[in-house]
Amino acid sequence: METLTLLLQGFGTALTIQNFLAAAAGALLGLVVGAMPGIGSLAGVALLLPLTFKFNPVTGIIMLSAIYYANMYGGSYSSILINIPGDSPAVMTAIDGHPMAKKGEPGKALFTSNLSSFIGGTIGIIILTITGPALARLGLKFGPVEMAALLMVAMTSLGWLLGDNPTKGVVSTLIGVLIATIGFDIVVGTPRYDFGSLHLLGGVSFIPLVIGMFGFSQVMEMMEPAKNGDSIDMKLSLKDSILNKSEMRRLLGPSIRSSFLGTIIGILPGAGATTGSFLGYMTEKKVGKNKDKMGTGVLEGVAAAEAANNSAAAGAFAPLLSLGIPGSGTGAVLLGGLLMYGLTPGPRLFQNEPEFTWGLIASLYVANMITLFVALSIIPFLIKILKVPVKIMVPIITAVCIMGAYSASNSLYGVMLMLASGFIGFHLKKNNYPIAPLLLAFVLAPTLERDFRRSFLISDGSPWIFFQKPIACGLIIFLLLTILSPLFRKLFAMTKKKRPPQGVSDSTLSPA
Amino acid sequence: MKTLKLNTRLIIPVLTFAVGVLWVVYGLKNYGWWDQGPGSGFFPSIIGIILAGISIIALLEGIKMPAPEYVKASWYPFIAAFATVGLAMIIGFFPAMFLFLEGWLKIYEKYSWKKSLPISIITTAALYGIFAMWLMVPFPAGVIFNAIRG
Amino acid sequence: MKKLLTLVLMAALASTAVFAEGQQEKAEGPWTPTKGVEWVVTSSAGGGSSIFTQNIVEIMKNEGIVDKNIIINYKTDGGGAVGRRGVSMMKNEAHTLLTFNSGDLQPFVQREGGDLDGLTPLAVMALDGQILLVNMDSPYKSMEDVIAALKSGERLIIGGSKSDDEAIYDAMKAEIGGDMEYLRSDSTGEALTQLLGGHVDMAIAKPAASFDLVSTGELVPMVTASASRFGEPFDAPTFTELGYDIEFQIYRGVVGPADMPAEAVAYWSDALAKVAATDTWKNEYINKFLLVDNHLDADDAKVYMQKFEDMYSK
């Protein structure tokens with residue numbers, strides 16, 4: 001109960017007019033920055049961090065967390081409205097979010113995204129509050145061997161994403177994997193596939209790649225007259241953005257499921273929000289009520305991806321607060337921010353400065369609420385973007401793509417990479433190669449390869465290590481079952497003729 | 001509107017096949033296959049082999065399919081983007097961005113000055129406000145400006 | 001259009017920085033910057049190099065050491081290779097600085113075909129120690145145990161970051177020998193996570209990153225690579241005490257292009273010395289991040305960095 005008292009006290013300190021205004025300002029700024037392709041939450045938080053130093057610590061941290069949340073919210077805006085994911089977790093949001101916008105439900109897509117983000121963030125924080133440091137300890141159990149096993153399981157569910165033509169889907173995925181191998185190989189510590197270019201030594205950067213593949217290629221498509229991509233001629237009022245009762249009900253299930261999954265993924269070292277949103281979406285695709293329609297523009301897809309993404313971000317706070325170890329680049333920036341306020345996150349923080357720690361958790365919560373409020377209130381303005389005629393959108397998006405790609409690494413190389421990706425992406429799309437698997441493989445495959453090879457480094461070349469560690473062993477058995485179950489099903493079907501193929505619902509991908 | 005046929009349905013698999021092979025050759029030759037566990041070239045080589053194989057299937061499938069139709073206008077943003085970046089090196093990023101927006105709306109879309117100018121001015125100003133002033137991204141000022149400033 | 005208007009308004013509201021275009025007066029006497037200065041950092045915003053640079057720039061501004069505007073430019077292409085190469089190629093350039101730590105020198109020498117002749121060292125601003133840690137549950141209670149285990153052929157996995165820490169591992173491998181493997185991580189934080197989870201046997205870390213975990217006894221220091229022992233809670237023998245010739249302290253430094261005019265070199269060396277002498281620098285940076293205060297001016301920094309280059313190019 002002491003915890004609860006402390007938390008309530010925390011709310012007391014957090015809820016003042018000044019804090020409220022600071023959080024609202026932070027939310028607005030964060031939304032704008034997050035929505036800009038090329039900035040993303042890491043750069044967004046880093047760039048806005050100095051703004052918060054003008055306030056007292058509590059206000060500053062509330063503002064900082066509002067910026068952080070708002071960045072995550074904002075990342076999904078551009079993916080829903082113009083199909084350019086603001087950061088890598090938003091790739092999953094685009095899969096259903098943009099089709100929704102095209103169908104004339106942009107407001108609903110944004111509303112879903114905000115609400116699910118909020119649910120994800122809330123559940124993440126609640127889990128964090130209840131379990132505290134214990135959860136971070138659990139995450140530590142995931143070393144290279146366990147992570148490799150988990151990612152192998154995740155990869156098997158990539159299959160359906162491949163689209164109508166599996167051959168093309170596989171080609172697209174593999175290209176993503178190969179692009180990701182360019183650069184520094186962390187396991188042996190030497191570069192590979194750099195082809196003598198200094199630029200390639202550090203690998204291909206994600207932001208110009210995604211801006212080009214999604215954004216610029218789309219500009220090129222927009223130039224085609226036949227595709228009636230002209231402004232959507234529908235009433236886009238706030239009223240049409242609000243979800244009705246049945247839609248709310250549809251949103252809740254996926255959001256809550258994804259939130260729990262996302263929180264757990266977030267706690268795992270090195271997994272991150274992208275893995276979270278990917279697995280959240282995949283799980284929904286497997287077990288959800290509306291799973292067959294996912295990918296065509298249904299709110300379950302948006303809800304699952306966004307809730308998982310935000311809860312993973314909250315989960316990533318656990319190792320930061322209780323061990324002092326930032327789980328992500330953004331976490332590292334936040335850690336820097338906390339240090340500036342004279343706080344050292346770590347095992348002693350909860351004991352030595354309980355008031356501050358719970359105050360911080362309360363601040364996170366307050367910030368999340370205010371961000372939701374701000375985000376919902378700007379939906380009417382946002383959906384107007386879709387009313388802008390394509391003729392005007394083409395040059396503006398082109399300009400934004402160039403600026404965003406430049407800002408990613410402050411160099412023209414980023415712009416060139418973006419244009420090349422746009423060119424390639426355009427041709428791939430024209431031939432019905434799906435783009436999303438390419439980008440996801442680009443993000444996820446390197447982690448899998450790294451941890452897979454690290455496992456062998458630890459075991460001195462023995463593959464049995466995957467069976468010696470209980471968590472990894474469980475995951476591998478699960479993996480084998482998923483691969484083999486269609487086979488068994490076929491055998492079963494052969495012996496016993498009539499049998500609906502749809503009856504299998506694999507249990508969720510919850511690790512451990 | 002002009003259309004043109006480009007046989008990308010065949011070109012793409014041929015290219016991906018080549019990329020796959022390139023990755024395998026480099027992987028096996030330079031980066032090592034197995035050394036007390038998978039080496040630096042292990043994973044990329046396997047993926048390269050699979051990619052090359054799948055590309056052949058994609059090629060065979062592609063032969064049966066019609067080639068996608070391209071519109072000449074699709075290349076305009078691409079060419080314009082290159083021109084803008086080149087111009088940006090000379091006169092600076094934001095003037096170039098403004099000229100691109102205004103030029104596009106005026107020349108390509110044939111908008112009137114009254115309609116096009118506000119759009120280009122506001123967009124450039126917004127981009128300047130967010131990227132240059134607020135986020136302080138150091139965009140190149142251009143050769144000319146640098147020469148004046150010394 | 002409303003969205004754009006909103007953006008403009010917000011941008012205007014939020015913009016705190018104004019590009020001050022200072023008046024151009026011809027300087028008489030010693031050289032001073034005549035225009036805005038670009039400070040290149042080759043790793044991303046928010047990291048160690050970024051904090052280091054921001055602190056210096058703040059002090060330069062607040063204490064009036066440099067009166068021109070300084071813009072930090074994060075050039076991360078090619079793992080920083082492009083930014084480093086770019087600065088080293090500049091001709092007759094007095095207004096560009098580069099944050100250059102031992103962790104930058106290593107790839108510069110080993111992978112990017114560069115050397116210190118391509119840069120002008122301006123200062124070493126601080127030294128950072130490194131310490132080898134084990135988990136509290138570890139069977140090894142002291143470095144002697146570890147060495148004994150290595151001698152008896154046990155296999156040990158050592159974790160550490162992908163940049164500075166590996167040099168210690170290499171030195172250990174050469175001096176102590178035995179069956180060791182190095183598990184490279186993206187950051188010290190990741191290496192500590194691996195150690196806390198028991199996935200590596202030992203990890204190399206900087207004191208600042210591990211302070212809390214060592215203070216609470218979660219992690220136990222075994223040995224340090226510095227010349228002398230650290231204070232509590234990091235009190236552990238040095239390698240030299242144990243009879244091994246490993247001594248190593250990574251640095252944080254600043255360089256300019258090779259072709260920086262001599263008067264500009266003098267100016268920057270002096271300005272950085274002034275920064276290092278301020279109380280703000282000592283309290284807000286050195287002490288906060290548990291660094292060793294050790295400022296070296298341009299000439300000494302060159303000698304110091306050269307030692308590292310020799311080691312890395314071996």
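The values are calculated or read from the model by the stated rules, or taken from the named source; none is laboratory data. The structure presented is a predicted model; accordingly, all values stated were derived computationally and were not measured. Using ideal geometry, Cβ is built from the backbone for each residue, glycine included, and neighbour counts are taken over all protein chains shown.
Just to verify a result, which residue in the range B:111-150, among those that are outside any helix (DSSP H, G or I) and facing another protein chain (nearest Cβ under 9 Å), is farthest from C:GLY83 (Cα to Cα)? Break it down into steps so the answer makes sense when it comes.
Restricting attention to the range B:111-150, the residues satisfying the condition of being outside any helix (DSSP H, G or I) are B:111-112, B:135-142, B:150.
When the remaining residues are screened for being facing another protein chain (nearest Cβ under 9 Å), the result is B:111, B:135-140, B:150.
Working: B:TYR111: 42, B:LEU135: 20, B:MET136: 18, B:VAL137: 15, B:PRO138: 14, B:PHE139: 15, B:PRO140: 15, B:GLY150: 23 Å.
Once the filter is applied, the top-ranked residue is B:TYR111.
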Inset, instruction - Among the residues of the range C:183-206, write down those that are surrounded by 23 or more Cβ atoms within 10 Å (Cβ to Cβ) and more than 7 Å from every other protein chain (Cβ to nearest Cβ). - result: C:SER185, C:THR188, C:ALA191, C:LEU195, C:VAL200, C:ASP201, C:MET202, C:ALA203, C:ILE204, C:ALA205
Inset, instruction - Go through the residues of the range A:365-377 one by one and say whether even a single one is without any contact (Cβ under 8 Å) to a residue 24 or more places away in the chain and within 14 Å of chain B (Cβ to nearest Cβ). - result: no
Inset, instruction - Filter the range A:181-215 down to residues that are in contact (Cβ under 8 Å) with a residue 60 or more places away in the chain and over 19 Å from A:THR93 (Cβ atoms), then give me how many there are. - result: 7
Inset, instruction - Report, by residue number, each residue of the range B:39-69 that is more than 7 Å from chain A (Cβ to nearest Cβ) and more than 21 Å from B:VAL25 (Cα to Cα). - result: B:LEU59, B:LEU60, B:GLY62, B:ILE63, B:LYS64, B:MET65, B:PRO66, B:ALA67, B:GLU69
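Given the range A:291-346, what helices (runs of 4 or more DSSP H) lie entirely inside it while holding 1 or more residues that are over 20 Å from A:SER88 (Cβ atoms) and modelled with pLDDT under 70?
Fully inside the range A:291-346 and qualifying: A:329-340.
On the given criteria, is B:PHE82 more than 9 Å from chain A (Cβ to nearest Cβ) and either part of a helix (DSSP H, G or I) or not acidic (Asp, Glu) (or both)?
On the way: more than 9 Å from chain A (Cβ to nearest Cβ): no; either part of a helix (DSSP H, G or I) or not acidic (Asp, Glu) (or both): yes.
Here the answer is no, as B:PHE82 does not meet what is asked.
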Inset, instruction - Those residues that are out of contact with any Gly (no Cβ under 7 Å at 6 or more places or on another chain) and in a strand (DSSP E or B), I need them from the range C:120-135; list them, please. - result: C:ALA126, C:LEU127, C:ASP128, C:ILE131, C:LEU132, C:LEU133, C:VAL134
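Just need a number here: residues in the range A:132-151 that are part of a helix (DSSP H, G or I) and crowded, with 19+ Cβ neighbours inside 10 Å.
Number satisfying all stated conditions: 12.
Being over 30 Å from A:ILE465 (Cβ atoms), more than 8 Å from chain A (Cβ to nearest Cβ) and modelled with pLDDT under 95, is that true of even one residue in the range B:27-35?
Scanning the range B:27-35, I find no residue that is over 30 Å from A:ILE465 (Cβ atoms), more than 8 Å from chain A (Cβ to nearest Cβ) and modelled with pLDDT under 95, so the answer is no.
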Inset, instruction - Identify the residue in the range C:270-314 that is touching a strand residue (DSSP E or B) at 6+ places or on another chain (Cβ under 7 Å) and basic (Lys, Arg) and, among all such residues, is nearest to A:LEU338 (Cα to Cα). - result: C:LYS282
Inset, instruction - Would you be able to say whether some residue in the range B:61-76 is under 28 Å from A:LEU31 (Cβ atoms) and surrounded by 19 or more Cβ atoms within 10 Å (Cβ to Cβ)? - result: no
Inset, instruction - Consider C:ALA271 carefully, then state whether it is touching a residue at least 40 places away in the same chain (Cβ under 8 Å), crowded, with 18+ Cβ neighbours inside 10 Å, outside any helix (DSSP H, G or I) and of a type in the set (A, V, I, L, M). - result: no
Inset, instruction - Scan the range B:64-76 and give yes if some residue there is touching a residue at least 60 places away in the same chain (Cβ under 8 Å) and among the acidic types (Asp, Glu), otherwise no. - result: yes
Legend entry - Sole residue being assigned to a helix (DSSP H, G or I) and modelled with pLDDT under 85, chosen from A:ALA399, A:ALA408: A:ALA408
Legend entry - Residue among A:TYR73, A:TYR77 that is modelled with pLDDT of 85 or more and buried (at least 24 other Cβ atoms within 10 Å of the Cβ): A:TYR77
Inset, instruction - Name every residue in the range B:17-26 that is surrounded by fewer than 24 Cβ atoms within 10 Å (Cβ to Cβ) and either small (Gly, Ala, Ser) or at the interface with chain A (Cβ under 8 Å from one of its Cβ atoms) (or both), in order of residue number. - result: B:ALA18, B:VAL19, B:TYR26
Inset, instruction - Please go through the range C:212-233 and pick out each residue that is in contact with a Phe, Trp or Tyr (Cβ under 9 Å, 6 or more places away or on another chain), buried (at least 20 other Cβ atoms within 10 Å of the Cβ) and not polar (S, T, N, Q). - result: C:VAL214, C:PRO221, C:MET222, C:VAL223, C:ALA225
Legend entry - Evaluation of A:ARG250 against (1) modelled with pLDDT under 80; (2) crowded, with 17+ Cβ neighbours inside 10 Å; (3) among the charged types (D, E, K, R) (one fails), failing number: (1)
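One line per residue, one yes/no per condition, for (1) farther than 20 Å from B:PRO44 by Cα; (2) surrounded by fewer than 21 Cβ atoms within 10 Å (Cβ to Cβ); (3) within 13 Å of chain C (Cβ to nearest Cβ):
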| site | (1), (2), (3) |
| --- | --- |
| A:GLY196 | no, yes, yes |
| A:GLY202 | no, no, yes |
| A:PRO208 | yes, no, yes |
| A:PHE214 | yes, no, no |
Inset, instruction - Inspect all residues belonging to the range C:164-178 and state whether any of them is in contact with a Ser or Thr (Cβ under 9 Å, 6 or more places away or on another chain), surrounded by fewer than 23 Cβ atoms within 10 Å (Cβ to Cβ) and not in a loop (DSSP other than H, G, I, E, B). - result: yes
Inset, instruction - Could you figure out which of (1) outside the structural domain of B:VAL21 (by TED's automatic domain parsing); (2) in contact with a Leu (Cβ under 9 Å, 6 or more places away or on another chain); (3) buried (at least 22 other Cβ atoms within 10 Å of the Cβ) isn't true of B:TRP104? - result: (2)
Inset, instruction - Might you check whether a residue that is part of a helix (DSSP H, G or I) and at pLDDT 90 or above occurs anywhere in the range A:180-192? - result: yes
Inset, instruction - Report, by residue number, each residue of the range B:1-52 that is free of Cβ contacts under 8 Å to residues at least 24 places away in the same chain and either among the small types (Gly, Ala, Ser) or assigned to a loop (DSSP other than H, G, I, E, B) (or both). - result: B:ALA18, B:GLY27, B:GLY32, B:TRP33, B:ASP35, B:GLN36, B:GLY37, B:GLY39, B:SER40, B:GLY41, B:SER45
